[in-house]
Amino acid sequence: MKKKLVIWVSVLVLTTYTLNGQIKKQDLTQGNFFIGSTFFMLGNLVPTNTPDFVQLNFGYRVKLNNVISVEAKTWKYAWPLGIPYGKSFEAPEEKFPGYIREYGIAIAYQRFWWKGLYTAIHIMQARQTFVDDNGDKIKNGYQMFNTYRLGYQLKFFNNRFFIEPSIAVTHRPIYTKMPQSFTQLNNKWPNYFIGEPGLHFGINF
């Protein structure tokens with residue numbers, strides 16, 4: 001499912017860059033606040049391994065190049081998050097005996113360096129629920145989930161709307177003990193992932 005989504009998003013990003021290149025250079029206005037989310041919620045339309053992903057962002061531009069925001073999100077996943085792209089990525093033998101549902105709140109800091117080029121760090125505190133193959137809850141848990149992002153902001157409609165394609169490294173520096181059946185699979189892989197694509201969008205006001 002993720003492989004198909006990555007391909008779809010790559011096509012969308014290329015299309016977005018083409019559209020952005022057609023916009024005339026001009027002085028654009030923007031508000032100090034924005035609300036937004038991510039196009040990866042479209043992954044909920046995929047019939048298999050649906051992530052039930054929901055995200056809402058609210059941000060404030062402290063200065064022209066400095067932005068802080070709060071992100072509320074929830075999703076579920078059935079494979080260890082540290083599996084790199086390759087033959088083991090979403091392989092049946094690496095799947096948890098159930099899934100993990102997470103609810104998290106993240107604080108993000110975004111720094112613009114040159115035109116739309118930016119770096120960002122997202123630090124999320126997340127509550128976990130471990131569910132077995134029968135749909136029964138096993139236990140609750142917690143993890144800190146950090147994202148280190150490099151991206152570019154594309155502006156549309158006099159900078160009222162923006163899209164931010166990006167690439168990131170995700171990192172889980174702290175998490176509580178998982179059920180044993182989950183731990184055996186999770187411990188085979190690192191607590192980070194390199195190459196996580198991103199495609200956020202938002203409305204300035």
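The values are calculated or read from the model by the stated rules, or taken from the named source; none is laboratory data. Since we're looking at a predicted model, the values are computed, not measured. When we count neighbours, we look across all protein chains shown, and the Cβ atoms used for this are built from the backbone with ideal geometry, even at glycine.
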Checking S181 against (1) in contact (Cβ under 8 Å) with a residue 60 or more places away in the chain; (2) in a strand (DSSP E or B); (3) surrounded by fewer than 18 Cβ atoms within 10 Å (Cβ to Cβ), which test does it fail?
(2)
Within the stretch 126-136, is even one residue buried (at least 16 other Cβ atoms within 10 Å of the Cβ), under 30 Å from I203 (Cβ atoms), charged (D, E, K, R) and at pLDDT 95 or above?
no
Of all residues in the stretch 119-158, how many are without any contact (Cβ under 8 Å) to a residue 24 or more places away in the chain and aromatic (F, W, Y)?
1
Looking at H171, H122, can you tell me which residue is of a type outside the set (G, A, S), buried (at least 17 other Cβ atoms within 10 Å of the Cβ) and within 28 Å of N32 (Cα to Cα)?
H122
Is there a residue being in contact with a strand residue (DSSP E or B) (Cβ under 8 Å, 6 or more places away or on another chain), of a type in the set (G, A, S), part of a strand (DSSP E or B) and at pLDDT 95 or above anywhere in the stretch 32-47?
yes
Within the stretch 147-205, residues touching a His at 6+ places or on another chain (Cβ under 7 Å) and under 18 Å from G31 (Cα atoms) come out as E164
Filter the stretch 64-77 down to the residues that are surrounded by 19 or more Cβ atoms within 10 Å (Cβ to Cβ) and either modelled with pLDDT under 95 or more than 19 Å from M178 (Cβ to Cβ) (or both) and list them by number.
V67, S69, E71, K73
Scan the stretch 77-89 and give yes if some residue there is touching a residue at least 24 places away in the same chain (Cβ under 8 Å) and of a type in the set (D, E, K, R), otherwise no.
no
Restricting attention to the stretch 78-94, does a residue exist that is in a strand (DSSP E or B), out of contact with any Cys (no Cβ under 6 Å at 6 or more places or on another chain) and at pLDDT 95 or above?
no
Looking at the stretch 125-169, which of its residues are assigned to a strand (DSSP E or B) and either touching a helix residue (DSSP H, G or I) at 6+ places or on another chain (Cβ under 7 Å) or among the polar types (S, T, N, Q) (or both)?
Q125, Q128, T129, F130, N140, Q143, N146, T147, L154, I163, P165, S166
Among residues belonging to the stretch 48-57 that are farther than 19 Å from F145 by Cβ and surrounded by 12 or more Cβ atoms within 10 Å (Cβ to Cβ), point out the one that is modelled with the lowest pLDDT.
N49
In contact with a Phe, Trp or Tyr (Cβ under 7 Å, 6 or more places away or on another chain) and hydrophobic (A, V, I, L, M, F, W, C): which single residue out of L150, L185 fits that description?
L185
